[in-house]
Every structure is written in structure tokens, then in C-alpha cells.
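Visitor: For reference, the structure I am asking about is given below.
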Amino acid sequence: QEQLVESGGGLVQPGGSLRLSCAASGAVPSFYAMGWHRQAPGEQRKLVARLTTGGDTDYLDSVKGRFTISRDGLKNTVYLQMSDLKPEDTAVYYCYGYNGLSISWGQGTQVTVSS
């Protein structure tokens, strides 16, 4: 069973940047796709960005041009570079990995954008 561990969340001022990391470990880490969801208080969890092994990416419309997802295949780690952060980006960010059969989730990391 793969395990995912996120890091990099925190408090940042509007316009600032953060980079989230998600490291996968397991017997045979082999995710077809990895990505990030987020959940703000009172809202449903929604996809923020995803990246497949083929290089295909998808982004939430509101983060396009500000967030960039990348992956280090050797380390089986996925990153989310977030720039020009806005208060509405405040949420718990969850990493996920899909191996073609099941989805694994990280525990979540809080991102707070506030002055």
C-alpha cells in the first residue's frame, strides 16, 4: 500500500508563494497520476491540479497561470508551486496518487493566505 506524505503548507500573505511537496513510499510506488485536491471550510473537496506519467496536466480554472504541478519520477514525489496566492486559495491541500486501480491520499496540509 502506497503512502503519501505532504509538506510545505503554512501561512503566507496575499501575492506570496508556497511550494507543496508530496512524497510517496511503498513496496512498489507506481502511480499513473498524481495530483492535488483542496478543501476549504464548508466546501467540497475539488481537484486543483493533476499530472499523469504521460505528461498530461489539468488545473482548476482559478489557479491556471499561478500554480504549476511537477513530478520527480525518480523520487516519486509531486510538487505544487503556488504563486500569486489569494485569500480564496486558503484550504487544506491533499495529495493523491492513482495507480490505475485505487487512489491513495495524503493526510493534508493547511495553506492559509492572509495579511
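The values are calculated or read from the model by the stated rules, or taken from the named source; none is laboratory data. Only a predicted model underlies this, so the values are computations on that prediction, with no experimental measurement involved. Here the Cβ is made from the backbone with ideal geometry for all residues, glycine too, and neighbour counts use every protein chain on show. Protein only, heavy atoms only, side chains kept; ligands, DNA and RNA dropped before computing areas. Shrake-Rupley method; radii C 1.70, N 1.55, O 1.52, S 1.80 Å.
Visitor: Scaled to the compact-protein estimate 2.2 N^0.38 Å, what is the alpha-carbon radius of gyration of the stretch 1-94, rounded to two decimal places?
Guide: Compactness ratio reported: 1.07.
Visitor: About the Cα centre of the chain, what is the dipole size in debye to 20, counting +1 per Lys and Arg Cβ and -1 per Asp and Glu Cβ, all else neutral?
Guide: 60 debye
Visitor: Give me the percent of the accessible area of the chain that comes from carbon and sulfur atoms, probe 1.4 Å, all protein chains in place.
Guide: The C+S portion of the solvent-accessible surface of the chain is 49 percent.
Visitor: Per q in 0.14, 0.21, 0.29 1/Å, what log10 I(q)/I(0) does a Debye calculation on the alpha-carbon atoms of the stretch 61-115 return?
Guide: For the stretch 61-115, the Cα-only Debye profile gives -0.47, -0.95, -1.25.
Visitor: Follow-up. Tell me, what is the 1.4 Å probe accessible area of Lys64, in Å² to the nearest 10?
Guide: The value for Lys64 is about 120 Å².
Visitor: Excluding ligands, DNA and RNA, what is the solvent-accessible area per residue of the chain at a probe of 1.4 Å, expressed in Å²?
Guide: 52 Å²
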